[in-house]
Each structure stands twice: as C-alpha cells, then as structure tokens.
Amino acid sequence: MAADQLLREGRYSEARGAFRQVAAMADNPEARAAALVGLATAAGHLNHRDAVLAALEEAVASAPAGSPVGIRASYLLVKSLGEVGRYGDAVAVYLAGAEKSRVSPLGLYLGSEGAVVLAMAGRVVEADTLWALLVRDTRASSAFRASVYRDQARVARERRDLSRERSALEKLVLETRDPEARWQLAQVRDEFGDATGMVAELLGIVEGSPTSSYAGSALGKLVGLGVSVDPGQAGVVYYRRGAYSQAKAVLLPSIGGPGLSAGELAFRAYFLAASFEDSGDPASAVRYYDVAAESGANSVYVHRARYWAARVVEAGANAAEASRRYVQLVQGGPSGEFTEEAAFRAGYVLLRAGDTSSALTVWGTMQSGVSARLEYWRGRGHAQGGDVSLATAAYRRAMTLGPYEFHGLEAARELGLVGRFDAGYRERDLSQPVDWVVVEAWLRARVGGAPVVRERTAACELMSVGLREAAALELWGAARDVGAWVMFSVLREAKECGVTDVAAQLAVSLRIGAGVGSGEPPPDLLRVSYPVDFAESVRAEAKKAGIDPLFFAALIRQESLWDPVAGSTAGALGLTQVIPPTGFAIAAELGIVEFEAEDLFRPAVSLEFGAYYIGNQVKRYGDPFLALAAYNAGPANGARWGAAGATRVADLVEVIDFVETRTYVMYIYEAYAHYQLAWGD
C-alpha cells in the first residue's frame, strides 16, 4: 500500500517507514521534501515530536523555494515550533518563506500562523498588522476570518491581554454568531466589569442559540443575576436540556397572562405540553397541545401541537380518537412537516388495532396526503382483506411515489419484483472512477448552461496539512447561494481533495436542485452522493465480517457520512461511530493490546471495529435489520424488538419505539439500494 494511503488510513507506523524509504530513494528535491512532510505527519500522530521537527526542518531545506510542498513544510514547521514554545525560531521560518507563499492557496493560513508566533514572541504590533492585512485580503473567506479571530482571542488569552481578547471575540461574534464565542465574550465582559454587555451576550445565546450546549449555562447565569428572561425562551432552554420540571415551572404561569399574543401562546403552550409529555403526564400534554392548537396563531407550533397531541392519544391506545385527530390535521390544517405522516397514521392506528375496514375507509379520504408509506400499508390492508387486485394497485402506487424510498422498495418486494434481502458478502468493484464528462452532460440536459471557471478554494492545500475542518468550511463557503454549475464545480473540487462528506452532500443538493428523484442521476453522480472511501479496507473488512461491502458502506454513510473524525454527543467516534467502551471490548476480542479511544479516529481501526461489530450482530440475529437496530441502540434493545416477531422489515420499523433507530434502519436500507444502483449489483 502506498505511503500516502497508509497515512490516510491511520496506519502511522507503517506510513512513517514507507515515507522514510521514499525520501531515501527520491531523485529530486521536491519529491524528497514531500516524503519528509509525510514522515513528519505520521510521526506527529505517533507523538514523536523531535522526529516531526527534524523531518520538517529537512523538508523546508530540501524543497525548492516557493514550491507548494515547501509552503506546506513551512506551515507545518511554523505551527510545530510554536506548539513547543520556540517562537523565535518559528518567526524566522515564517519570515523566510512569507514573500514567496503569498500567491499560494495556503499563503493566508501560513500568514495566520506567522501572526500567532509573532504575537507569542512579543512582536504584537507586527502580528496585529499582519492579521489586519490577512482578513482584508480578497481571498479571505468567512471561515478564514473566523479562524483568524479565534487565533487572536486565544493568543490574547494566553498573553493575558483582555482588551485584545475582547476585540477579537467581538469580531468573531459578528462574523459567526457562534454561541461558544458569545459565552467567552460574556466572561471577558464580566472580567471588565461590563455587566450590561455580559447580560446582552448571555441573552443573545438564550434567544439565538437555545439548543446549544451553552444555552443552559447562560440561562443559569442570568437567573442567578436576577435578570428577567422571556418565559418562552427560558422554557425552551430547560426543555432542550431535559429539565422538564423547570420548564413547566416557567411556562405554566406564563400562558394565561394579559397581553399575550396568539403566537406567544402557541409557542409557550407547545413546549409546556412537550415537557409534560416527556415527563410522563400524557393527559396534561394533550391538554396543553390543544391550547397551542386552538390559539388562533399563524404558527408552525399549531400544526406541531395537533400532530403531537394525536401521537400522545395514539400512545394511550385510543385508536379511534387518535385517527380522528390525524384526520382533522390533514383535512383542517394547517399543513406542515407532519401532514404526510398524519395521513398515514390516521389509518395505520386503526389497522394496528385490527379494524382493517375502517383503516381503508379513512385512507380513502387521504388522497391529498398520499405517500409511498401510506400506499404500502394500504396495500397491506387490502391484502389482509383478500383483495389482491387492490393490494397490487396500492403497491404499484407506492413504487411510483417512492421508487427508492423504504416503503416503495418494500412494495416492490411484496410484488416479487425483487428477491429476498441479502446483505451477505459478495465481490464488488469499488474502484470505479467518476466520469465528470458524463455528469456535465447530464447537468446540461437538466438545467442548461455550461461549466463555469472559478478560482479554487484552499481546500486541497488545507487537507494536505491536516486542516480538514478548515477545508470543509472553505468548500461550504464557496457553495453557499450559488447556481448549479458553481455547485458542480465545488463538489468536484471537494471530491478531488478527499473531503468526501462535503462532496456527497453537495451532490445530493445538486440532484435536488435539478428536480430529479434520488435514483435518477447517472451512476457517476450517484457514486459521489453514495461514495466508498478507503475502498480496499472497506472490501477487506466487509469480507472478514461476511457482509456486502456496499451494505457496510451504507452503514458508514449513515453513521459519519465518511468523515473520519466525526463525533457524536453520545461519544461515538470515527467513520463507524463506535463508542469507546464498545471499542475497548472489541479490541479485547480481537486481541489488540494497545488501544486508546482516539484510535477510533483512525480509519483503518474504525473500519475494522465497525465491520466486526455489525458482522457479529448479523450472526447473532440472523437478520441484517435487527442487526442495524442493535448497532444503533444496543443489543438489549435489538433483542427486545426481535422478540416482537416481526416477519417483514416494514413491521419491524413500526415496532421500534426509538425514533432515531427507526429512521436509522430505514435510511440505511434506502442507502443500500442507492449504493447498489451506483456501484452495480
């Protein structure tokens, strides 16, 4: 395996040896410098700091002046020297290469690192002058400016310069409205004795970012100071944090006061009802959902309240009343995000209660809310009633409405148009490239126009020095509010730079913008939307686990969208989102002695552990869908759902009582179908 691929997969010891060999055999300075940069990167992941500095110093000396590899080496050396406190040496390296790096896509980022070490070396005025020039540069993106302000704030904090820290944070907040930056700015204002400014920032977090992790702390600080906070905003923050008693205590007295607008009433009553629901008081939940629904407001919370009131009634096993409420929402409105779901549930609750005839009658009134899911279950209802002709017609409508949606695919299976679902291992060609000419021709036919010429972002250069997040932000900035051809250009750049997750998301956006269904684009574009990265390792690990590489790819896409450093609020890490306790258990089973949680960010490890785990779940349950449910929610829940005895996957997903797990199983099912379409079955 090539040294670059070893490095990319996180096989750092092997990569270091491979790069050392390449450097020794290189027949030109540029190739030698590139190998030394790779060696230094691998050594850095192994925490061999002296080896990092030695390799980078040699790379800077070897590389032709102003060459791309020389600029990369200089950037990494300046950063590495700064990390060990050798600011004077770092400044010297920066100044030696600054002039020739200006035209490079990495030049701005090298300049920012140069400003950091200048400031830390005590040359603050020079640093401020350089930073000011950088943010005014016409190439500076919003993402880059934000990174500069973060650097300025961090350096000022380390130097205990509160004035400069405040100034940098003020600029960062204006640029991003980031709640973390606002929290930091609130603390700095407090240190200055600026109580008014501190309160303003805390209120900005509560009102502008109520779901952020900083909202609870901001609200707690405001309450402690005796500052009045809008009850609706406070209630949302408490609710989002699971503090239902506090949410109810704030919201309950606030919904009956004078001067309350209909919109405020709907908003507050909705979150009050949700707090009652989630704390186990369904009767009060329905009562206050109805208050929100009858507020007369022109608000999304009226629609949501009517839907969730019906869901609570359904959970209480009152099928007829739940159905009535769903019908009222569909036919009486207001329409919204749950209209289609309500149309389905209006009949499904009756079907599940054993009243097939009433279910079919209700669904007969739901033509305006028709969906693949509804039509699939209408077909099931007719089949239960013995009417094969009507069942077949419903299944075919489901296929038409959602040919690559979960229920459309299951309808095709009911009709015998596809065989038994089999996720077992088979050989796949995962090396198929993307023919961009084919994609261009398709896009031209769909939207007209022609490819555009645009200046590329710094994404590829940023990826080359390990700045993946910065690369992604540059790409997202270039794709914001643009036409189809610019988006095509950016997604192609993302794909070529190895920012697989961004490329996939932009490819989906391009398809949606072109107005076609998910299975209609050419396979070449689908292979960007449904990618296979680290192909050889994916194939090898899937084979060991006995699962189809494309099934495994569909799982990875759902778990991390192929972002190797993805992390979740539950602590899951890496491509396959294994949590550390499970990782340690897998390591023990595989006989891996030296394992640390951060190893899950190494693609080779994440792929091995994820494939091993899902493979074991498939063997345990004998059903790939129960295996997926167990992968997502744990083996105990998988066993609980398996005990329900569902014989079809459509029945299983209705049995699963965790919304996240239910959608997880359905999305991977759908993704697997798209992978087969894109990569060949």
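The values are calculated or read from the model by the stated rules, or taken from the named source; none is laboratory data. As the structure is a computational prediction, the values presented were derived from the model and not from experiment. Note that we place each Cβ from the backbone using ideal geometry, even for glycine, and neighbour counts take in every protein chain shown. Each accessible area value is taken on the protein alone, full model and side chains, heavy atoms only, with ligands, DNA and RNA left out. Shrake-Rupley method; radii C 1.70, N 1.55, O 1.52, S 1.80 Å.
Sequentially through the stretch 260-267, phi angles give Karplus couplings (6.51, -1.76, 1.60; θ = phi - 60°) of 7, 6, 4, x, 5, 4, 4, 4 Hz, Gly and Pro residues having no value and appearing as x. For the chain, carbon and sulfur atoms together expose 51% of the accessible surface, with a 1.4 angstrom probe and every protein chain in place. Here's how it looks for residue 547: its modeled amide H is under 5 Å from those of 425, which are all 5 or more places away or on a different chain. Can you give me the angle between helix 68-83 and the longest principal axis of the chain, using Cα atoms only, in degrees from 0 to 90, rounded to the nearest 10? Rounded to the nearest ten degrees, it is 90.
Extending 7 Å from the Cα toward the beta-carbon at both residue 450 and residue 180 defines two label points whose distance is 4.5 nm. A protection proxy built from the mean count of other Cβ atoms within 10 Å ranks the segments 190-200, 610-620, most packed first, as 610-620, 190-200.
Taking a ≥ b ≥ c as the square roots of the eigenvalues of the alpha-carbon gyration tensor, the stretch 63-165 is classed oblate because a/c is 1.5 or more while a/b is no larger than b/c.
Out of residues 5 or more away from residue 578 or on other chains, whose amide H comes under 5 Å of its own, with H placed 1.01 Å from N in the peptide plane? For residue 578, whose amide H was placed from the backbone, the distant partners under 5 Å are 573. Computed extension gain for residue 400 through residue 61, at 0.36 nm per residue and net of the alpha carbon distance, reaches 115.7 nm. Backbone phi angles across the stretch 277-283, fed through the Karplus curve with coefficients 6.51, -1.76 and 1.60 (θ = phi - 60°), yield HN-Hα couplings of 4, 6, 9, x, 10, x, 4 Hz in residue order; Gly and Pro are listed as x.
What the phi angles of the stretch 650-662 give under the Karplus curve with 6.51, -1.76 and 1.60, with θ = phi - 60°, is a coupling list of 5, 6, 4, 5, 7, 6, 4, 9, 9, 4, 4, 6, 4 Hz, glycine and proline written as x.
Less than 21 Å apart at the alpha-carbon level, and either on another chain or at least 8 residues along: which lysines does that give for residue 100? Filter leaves 79.
Give, in nm to one decimal, the length gained when the segment between residue 568 and residue 365 is fully stretched (0.36 nm per residue of separation minus the Cα-Cα distance). Spell out each step's value before the answer.
Values: separation 203, 0.36 × 203 = 73.08 nm, distance 4.20 nm.
Roughly 68.9 nm would be gained on extension.
With a/c under 1.5 counting as rounded, go ahead and sort the chain into rounded, prolate or oblate using the C-alpha gyration tensor (a ≥ b ≥ c being the square roots of the eigenvalues; past the cut-off, prolate if a/b is larger than b/c, else oblate). It comes out oblate by the Cα gyration axes. What separates the Cα centres of the stretch 1-64 and the stretch 322-373 is a distance of 62 Å.
Working note: Debye formula, equal point scatterers on the alpha-carbon atoms of the stretch 283-429, no solvent; log10 I(q)/I(0) at q = 0.12 Å⁻¹ is -0.55.
Overall, the anisotropy analysis places the stretch 444-541 in the oblate class: the square-rooted eigenvalues a ≥ b ≥ c of its C-alpha gyration tensor yield a/c not less than 1.5, with a/b not exceeding b/c.
The angle between the Cα long axis of helix 388-401 and the longest principal axis of the Cα atoms of the chain comes to about 30 degrees, rounded to the nearest 10.
Taking the Cα centroid of the stretch 385-436 and of the stretch 208-248, what is the distance between the two, rounded to the nearest whole Å? Centre-to-centre (Cα) distance: 46 Å.
Over the chain, DSSP H runs of length four or greater, each weighted -39,500 (n - 2.57), average out per residue to a 222 nm ellipticity of -22000 deg cm²/dmol.
With a 10 Å radius around each residue's Cβ, average the other Cβ atoms per peptide and rank 267-277, 427-437, highest first. Mind dumping the intermediate values first?
Numbers: 267-277: 27.1, 427-437: 13.6.
Going by the mean number of other Cβ atoms within 10 Å, highest first, we get 267-277, 427-437.
Taking a straight line from the alpha carbon of residue 619, these lysines sit under 18 Å away, with near neighbours fewer than eight places off in the same chain left out: 543, 544. Here each label is just a point 7 Å from Cα along the line to Cβ, and for residue 46 and residue 160 those points are 4.0 nm apart. Under the simplified labelling scheme, the residue 207-residue 418 pair shows an inter-label distance of 5.0 nm, with each label point 7 Å from Cα along Cα→Cβ.
Length gain on complete extension for the stretch residue 331 to residue 431, per 0.36 nm per residue less the alpha carbon to alpha carbon distance? Intermediate results must be reported in sequence, preceding the final value.
On the way: separation 100, 0.36 × 100 = 36.00 nm, distance 5.06 nm.
Extra length from residue 331 to residue 431 when fully extended: 30.9 nm.
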